[in-house]
Amino acid sequence: MSREPIIGENNSSQSGGDSNATPLQKSSPKKATSEPQMDEDRSLRPKLMDEMVGQADIKAQLQIVVDAAKRRGEALSHVLFDGPPGLGKTTFARAIPNELGTTIEFASGPSLKAPKDLVPYLTNAQEKSILFIDEIHRIPKAVEEYLYTAMEDFRIDMVLGEGINARTYSYRLSPFTLIGATTRAGMLSAPLRDRFPIRHHLDFYDLPELKEILLRNAKKLQIEIDDDAADELARRSRGTPRIAINRLLWVRDYAESKADGKISVQVATDAMKMADIDNLGLDKQDRQYLETLIRVFGGGPAGVEAISHTMNGAVDTIEEEVEPYLLRINMLVRTPRGRKATSKTFEHLGVDPGPLENPDRLF
Ligand code: ADP
């Protein structure tokens, strides 16, 4: 038997448990995190789904399952959100307990290194409360397997004692809801994915939605912004609410320092230029990626590892943060042989595609 105080599922488990066993204290090296302090991000974050802009289909479907769970007086089924960073996964996860009138605990995949790290979150979970695991694709296999019985049967097995005194106890959990968020749904194993009956993919936002988010946040922050300046910022926000808000905060500072505090289209354009954000909203990293693909790899096809290593970037960051938007705006295509630039990429970077030695490198 393992000397680890907590192990994965064990067939020799006895039910009932030992009344002297205090699994929480024995097995919880650290306490589950409570809600972070109020900060600017949180005060701007919509509290209810109705206050969120866009994602209409997801909101409508979630309203139904939330409503049904409330009527039945049961815990909501487990929910998985996937999509690139900054599109609202955490915002949905925080809005759901507000809609249900319950509480939420936060955990993050990379901090759950072993099953024992997960135990305090599970044993602390109240009936019908929410446990949110961000970056759930980063949990190791042993933690993932430990989650299976917790999610399905609301039960975990624990080993108390050591050596010949070691005993496995089955610990009954209160029925809770797990909300997982991931930027890499493809990295989740099928057994884990299948344990989330409710799954939603968040897509990029269109320009009117981003403009609406910018105007709502400008109002909350009492920033004066012209209508055409909001259009301009929306165009340069990479389809992402978090980026839109960050651009707005930068332009607010710029306007306060360099102008009279009001955001006109000229102020917005000047501030974007200073931050090296081009007219499509692409930043330095995006352009470096595209330039590497074009100038070093002749437009591709090239593997993402080769591109990342050449530009000295982390493959994960490139795959999670850079490529999804470039794919979305047709500046990049993925082929079985690797990433390829498109004619739009050459045009945007002002590079002449030159003679087509390799005709399939372009559309
Ligand atoms: P993710 O968890 O997907 O990385 P977040 O939920 O943290 O993204 O969203 C980033 C920020 O963008 C939030 O602080 C929130 O203010 C804003 N935001 C995200 N989605 C929406 C939305 N649908 N409507 C309004 N604001 C949003």
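Throughout, read-outs are computed from the coordinates displayed, never taken from laboratory work. Source: prediction; values computed, not measured. Neighbour counts run over all protein chains shown; Cβ positions are idealised from the backbone, glycine included.
Observations on the model:
- Partners for residue 340 among aspartates and glutamates (Cα-Cα distance below 13 Å; same-chain residues under 8 apart left out): 291, 323, 360
- If both residues of a DSSP beta bridge must be in the chain, then about 40% of such bridges are antiparallel.
- Residues 201, 78, ranked from the fewest to the most other C-beta atoms within 10 Å, line up as 201, 78.
- Unit Cα scatterers, Debye sum, the chain: log10 I(q)/I(0) for q = 0.15 Å⁻¹: -1.25
- Residues listed by number, segment 204-231, amide nitrogen under 12 Å from residue 262 label point at 7 Å toward C-beta: 224-227
- Segment 44-144 shape via C-alpha gyration tensor axes, a/c threshold 1.5: oblate
- Compactness check for segment 284-362: Cα Rg over 2.2 N^0.38 Å is 0.98.
- Label zone at residue 172 (point 7 Å along Cα-to-Cβ), backbone N below 15 Å, segment 103-147: 127-128
- Packing-based exposure ordering (other Cβ within 10 Å, fewest first) of 158, 49: 49, 158
- Cross-link table 70/141; 47/211; 273/344; 128/211; 89/262; 89/258, entries beyond 27 Å C-alpha to C-alpha: 70/141; 128/211; 89/262; 89/258
- Nitroxide proxy distance, nm - points 7 Å out along Cα→Cβ at residue 63 and residue 246: 3.2 nm
- Estimated from the Cβ-Cβ distance and a Förster radius of 30 angstrom, the FRET efficiency linking residue 71 and residue 280 is about 0.05.
- Listed by chain and number, the aspartates and glutamates whose alpha-carbon sits under 16 Å from that of residue 113, ignoring those within fewer than 8 places in the same chain, are 4, 134, 135, 144, 145.
- Under 5 Å from the amide H of residue 171 lie the amide H atoms of 156, 157, 158, each residue being 5 or more positions distant or on a separate chain, with H modelled from the backbone and absent for Pro and chain starts.
- Here the residues 193, 172, ranked from fewest to most Cβ neighbours within 10 Å of their Cβ, fall in the order 172, 193.
- For the pair residue 164 and residue 311 in one chain, pulling the backbone fully straight at 0.36 nm per residue adds 47.4 nm over the alpha carbon distance.
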